[in-house]
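Participant: Shown below is the structure under consideration.
The values are calculated or read from the model by the stated rules, or taken from the named source; none is laboratory data. Just so it is clear, the model here is predicted, and its values are computed rather than measured. Quick reminder, even Gly has a Cβ in these numbers, built from the backbone with ideal geometry, and neighbours come from all protein chains shown.
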Amino acid sequence: MVLTLICTLTAAATADTASDAVMKRKLLGYWNSGRHAHLFKSDGTHYADVLAAAMGDEGTPHHWDIRGGLYYDDGTPYKILILNEKKFEFRSLDKNATLDIWGRCSKQDMEQLKKCCSDWMKEHE
């Protein structure tokens, strides 16, 4: 019975880890929040404003992660509601529960970014 419980817990933890890894891969790349273009890199770096960063005002990049099905931005957890190839929807866990809905940068968005930020983009991909 104890062995069954251990195997069940191990399988659940492995499934969570696999799910987290899949979600992390889906989040990589460029997203549009309606206000800024964001870049998520596999090293856990999140540039919250690509245009400002390319113009030399990088500020401090954020650090992101996905653990246990939650998205973390600089250590603050958010519940992931939708994460697929085109849409990233998440909400804060605080009592005000702010909702963010982002879309994957379109081809048009990427062309505009390349016009002003191509050197920066090459350095940071």
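Participant: What are the pairs, 6+ residues apart or on separate chains, where a residue within the range 84-97 that is within 17 Å of Trp64 (Cβ to Cβ) and assigned to a loop (DSSP other than H, G, I, E, B) has its Cβ under 6 Å from a residue that is at pLDDT 95 or above and of a type outside the set (D, E, K, R)?
Facilitator: Leu93/Pro77
Participant: So which residues in the range 38-54 are surrounded by 12 or more Cβ atoms within 10 Å (Cβ to Cβ), assigned to a loop (DSSP other than H, G, I, E, B) and out of contact with any helix residue (DSSP H, G or I) (no Cβ under 8 Å at 6 or more places or on another chain)? Even if it seems obvious, please write down each step before you answer.
Facilitator: Restricting attention to the range 38-54, the residues satisfying the condition of being surrounded by 12 or more Cβ atoms within 10 Å (Cβ to Cβ) are 38-41, 44-54.
Now drop any that are not assigned to a loop (DSSP other than H, G, I, E, B), which leaves 41, 44, 48-49.
Matches in the range 38-54: Gly44, Ala48, Asp49.
Participant: Pairs under 8 Å by beta carbon, first residue part of a strand (DSSP E or B) and surrounded by 13 or more Cβ atoms within 10 Å (Cβ to Cβ) in the range 62-75, partner among the polar types (S, T, N, Q) and at pLDDT below 95, six or more apart or different chains?
Facilitator: From residues that are part of a strand (DSSP E or B) and surrounded by 13 or more Cβ atoms within 10 Å (Cβ to Cβ), the pairs are His62/Thr45; His63/Thr45; Trp64/Thr45.
Participant: Mind listing whichever residues of the range 98-116 are of a type in the set (Asp, Glu) and either touching a His at 6+ places or on another chain (Cβ under 9 Å) or in contact (Cβ under 8 Å) with a residue 60 or more places away in the chain (or both)?
Facilitator: Asp100, Asp109, listed by residue number.
Participant: Could you run through the range 101-125 and say how many residues are under 14 Å from the mean Cα position of the chain (by Cα) and buried (at least 16 other Cβ atoms within 10 Å of the Cβ)?
Facilitator: If we filter the range 101-125 for residues that are under 14 Å from the mean Cα position of the chain (by Cα), which is where we start, we get 101-105.
Within this subset, residues satisfying the condition of being buried (at least 16 other Cβ atoms within 10 Å of the Cβ) are 102, 104-105.
Of the residues in the range 101-125, 3 are under 14 Å from the mean Cα position of the chain (by Cα) and buried (at least 16 other Cβ atoms within 10 Å of the Cβ).
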